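Taking it in order: structure first as structure tokens, then the write-up.
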Amino acid sequence: MIVEIQILINWFGGSEKSRTMAKEMTNGDHSSSIKPPPMPSPLRFSKFFQSSMRILVTGGAGFIGSHLVDKLMENEKNEPLLVEVDQIYHLACPASPIFYKYNPVKTIKTNVIGTLNMLGLAKRVGARILLTSTSEVYGDPLIHPQTESYWGNANPIGVRSCYDEGKRVAETLMFDYHRQYGIEIRIARIFNTYGPRMNIDDGRVVSNFICKHNEPLTVQAPGTQTRSFCYVSDMVDGLIRLMEGENTGSINIGNPGEFTMLELAETVKELINPDVEITMVENTPDDPRQRKPDITKAKELLGWEPKIKLRNGLPLMEDDFRLRLGVPRRK
Ligand SMILES: NC(=O)c1ccc[n+]([C@@H]2O[C@H](COP(=O)([O-])OP(=O)(O)OC[C@H]3O[C@@H](n4cnc5c(N)ncnc54)[C@H](O)[C@@H]3O)[C@@H](O)[C@H]2O)c1
Ligand SMILES: O=C(O)[C@H]1O[C@H](OP(=O)(O)OP(=O)(O)OC[C@H]2O[C@@H](n3ccc(=O)[nH]c3=O)[C@H](O)[C@@H]2O)[C@H](O)[C@@H](O)[C@@H]1O
């Protein structure tokens, strides 16, 4: 939408040529102001564009616009979004457990249909595509730390399945398109990542603990379950190395520093608010009991390892949350 609006603004707000034209028209000199139509982009003459029309509809998600788009799309076999790209980072997916469980059908549709759509696009334009998969493909893992060769222990019919099985299918689709059509794929298995710009109400554990300045930190029972937290700049570095490198993955990208949720709460208390209470609350079904990436492959194949320790990353996230919540740092 934003792109569409900007195109419209440029269209009317104007190039030098359109300003000249507008000036000529206000002078009333209509006959001399008629110019030949502008040359279309050279892409217009490519084989692909000759067989399909590019149409911009603003307000296409609205009432009349949506019907208009349906009609215009009736005879189209291509993706509704015609983009020409060389690389696709496919991140779109509800990621926080409270949100992905809230609308599980949407979550699995996003993982399956969304990934198919992006693979279709990659196939049409010959782009390389990177999927952000997850450590949740290992389910409640029975080996520790998790290596990429481990096939996992996921419940196929549980409340988390829309996400973990969804990502497993997304990985399958990636490899099938790779084998069948030669699409260049990259798959990152991301482990718990935190940092500035997480939604304040995201619901995942680190943001929950940091945003609760005066309320107790709610550790879900038993509190001995573990996670390994990766700072976002390390994660982004790993994703770009994977995209630019020669290995398809699937590959673990995460920080092997492992903490129980009680240890995380104690660390947040120590670094952010020594007066805060820690309380134990009920957990949700199928919560993985342990999680720690083996990153041998990432080190060897990508030359990557995380740099930022949890104790150094938490204050950076705290700064961002304080700014957004308008809560000053404690004296
Ligand atoms: N942050 C982590 O710890 C973590 C760990 C493992 C995997 N991942 C994966 O990384 C990706 C990004 O995670 P994040 O933490 O930035 O999550 P996020 O929730 O902050 O961002 C997800 C984005 O996807 C968009 N989205 C969701 N469904 C969509 C749909 N159907 N169509 C278009 N867009 C849609 C959302 O609007 C949002 O902008 C996700 O694929 C997630 O599964 C994240
Ligand atoms: O890294 C991953 O692969 C996955 O991690 C997360 O899954 P999860 O680790 O369960 O995320 P959280 O909701 O942050 O929970 C982590 C742990 O903290 C606990 N928790 C959560 C929230 C809270 O307020 N208190 C609390 O103790 C949970 O019980 C759980 O054991 C998300 O599902 C995904 O973003 C991601 O794919």
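Label point of Tyr181 set 7 angstrom out along Cα-Cβ; within segment 78-117, amide nitrogens under 11 Å from it belong to 79, 116-117.
Here the peptides 163-174, 97-108 are ranked by packing, the mean other Cβ count within 10 Å, and the order with the highest first is 163-174, 97-108. By the rule of a C-alpha distance below 20 Å, with chain neighbours fewer than 8 residues away ignored, the aspartates and glutamates paired with Lys35 are Glu16, Glu24. For Tyr102 and Met39, the FRET efficiency from 1/(1 + (r/R0)^6), where r spans their Cβ atoms and R0 equals 45 Å, is about 0.35. The order of Met261, Met243, going from fewest to most other C-beta atoms within 10 Å of their C-beta, is Met243, Met261. How many angstrom separate the Cα center of segment 146-179 from the Cα center of segment 191-209? Segment 146-179 and segment 191-209 have Cα centres separated by 23 Å.
Shown in residue order for segment 165-172 are the 3J(HN,Hα) couplings computed by the Karplus curve 6.51 cos²θ - 1.76 cosθ + 1.60 at θ = phi - 60°: 5, x, 5, 5, 5, 4, 4, 4 Hz (x for Gly and Pro). Note on segment 230-275 and segment 281-313: Cα centroid distance 5 Å, given to the nearest whole angstrom. Across segment 253-331 the C-alpha pair distances fall into 10 Å bins from zero in the proportions 14, 34, 34, 16, 2 percent.
Considering all C-alpha pairs of segment 211-277, those separated by over 18 Å amount to 54%. Per residue, the convex hull spanned by the Cα atoms of segment 126-173 amounts to 85 cubic angstrom.
Note: segment 186-327, Cα convex hull, 105 Å³ per residue.
Subtracting the Cα-Cα distance of Thr172 and Trp151 from 0.36 nm times their residue separation leaves 6.3 nm of extension gain.
In plain terms, the bigger the Kirkwood radius, the slower the diffusion; for segment 105-252, with that radius from Cα pairs, at 37 °C and 0.692 mPa s, Stokes-Einstein puts D at 195 µm²/s.
Computed from the coordinates by the stated procedures, all read-outs in this text should not be read as laboratory data. Owing to the predicted nature of the structure, the values given are computational and were not obtained by experimental measurement. Here Cβ is always computed from backbone atoms with ideal geometry, including for glycine, and neighbour counts include all displayed protein chains.
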